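Here's the structure, in structure tokens; my notes come after.
The values are calculated or read from the model by the stated rules, or taken from the named source; none is laboratory data. As the structure is a prediction and not an experimental result, all values here were calculated from the model. Cβ atoms come from the backbone with ideal geometry, glycine included; neighbour counts cover every protein chain shown.
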Amino acid sequence: MKFVKLPHCVYYCDYHIAITTKYRHQWLNEGIFAYLKIKLIEIRKHYPQIDFKEVNFDKDQSDHIHLLISIPPTVSVGSIVRIIKSNTSRELKQKFPFFKTLYFGTDGIWSDGYFVSTVGVNEQTIRNYIILQGQEDSGQALLDLSEKPRA
């Protein structure tokens, strides 16, 4: 666990965020995901307070991404999700023309909603869940939460 120090605060605000494709279309694959990761790095250049710790997608379902992300307490989770969705949507539609026909008449490629949970002190469980997407049973209900929190 790493605390972030700013001039007027010290924080550890890590979130597990899942973003679903619009209409649950299954278009995520290794190539699109590699380009998506490049775009996330570019977002970080403009918003250095955002720290993407892990990013992955479920190879079996290919209709959502998972992020382990550190967000400062001065910025809302919703505004960061909006930044991620709008920037990646625009860039992916420019790079991959099939999005224009798949999502004809709409600007976005991501669903309106998202999932978010705080990570707390048990980051490794969430990190393993994201890393092992598509390799083990999906769903956080099966995560081993029996670990005792570190002080």
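Here are Lys53, Lys22: which of them is of a type in the set (Lys, Arg), closer than 19 Å to Ile126 by Cβ and surrounded by 15 or more Cβ atoms within 10 Å (Cβ to Cβ)? Step through it out loud before you land on a result.
On the way: Lys22 fails: closer than 19 Å to Ile126 by Cβ.
Being of a type in the set (Lys, Arg), closer than 19 Å to Ile126 by Cβ and surrounded by 15 or more Cβ atoms within 10 Å (Cβ to Cβ) holds for just one of Lys53, Lys22, which is Lys53.
Scanning the range 91-100 for any residue that is of a type in the set (Phe, Trp, Tyr), part of a loop (DSSP other than H, G, I, E, B), surrounded by fewer than 17 Cβ atoms within 10 Å (Cβ to Cβ) and modelled with pLDDT under 95 turns up nothing.
Working only within the range 3-37, note down all residues that are among the basic types (Lys, Arg) and closer than 18 Å to Ile131 by Cβ. Steps first, answer last, please.
Just the residues of the range 3-37 that are among the basic types (Lys, Arg), to begin with: 5, 22, 24, 37.
Listed by number, the list holds a single entry, Lys37.
Taking the range 101-138 only, how many residues are touching a residue at least 60 places away in the same chain (Cβ under 8 Å) and either of a type in the set (A, V, I, L, M) or not in a loop (DSSP other than H, G, I, E, B) (or both)? So the count comes out to 15. Highlighted here are the strands (runs of 3 or more DSSP E) found entirely within the range 1-48 that include at least 3 residues which are in contact with a strand residue (DSSP E or B) (Cβ under 9 Å, 6 or more places away or on another chain): 14-20. For the range 39-74, give me each residue that is touching a helix residue (DSSP H, G or I) at 6+ places or on another chain (Cβ under 9 Å) and of a type in the set (Val, Ile, Thr). Answer for the range 39-74, where residues must be touching a helix residue (DSSP H, G or I) at 6+ places or on another chain (Cβ under 9 Å) and of a type in the set (Val, Ile, Thr): Ile43, Ile50, Val55, Ile65, Ile69, Ile71. Taken across the range 78-85, residues that are surrounded by fewer than 17 Cβ atoms within 10 Å (Cβ to Cβ), of a type outside the set (Gly, Ala, Ser) and modelled with pLDDT of 95 or more do occur, with at least one present. Annotation: of all residues in the range 55-90 being charged (D, E, K, R) and assigned to a helix (DSSP H, G or I), the one that is nearest to the chain's Cα centre (by Cα) is Lys85.
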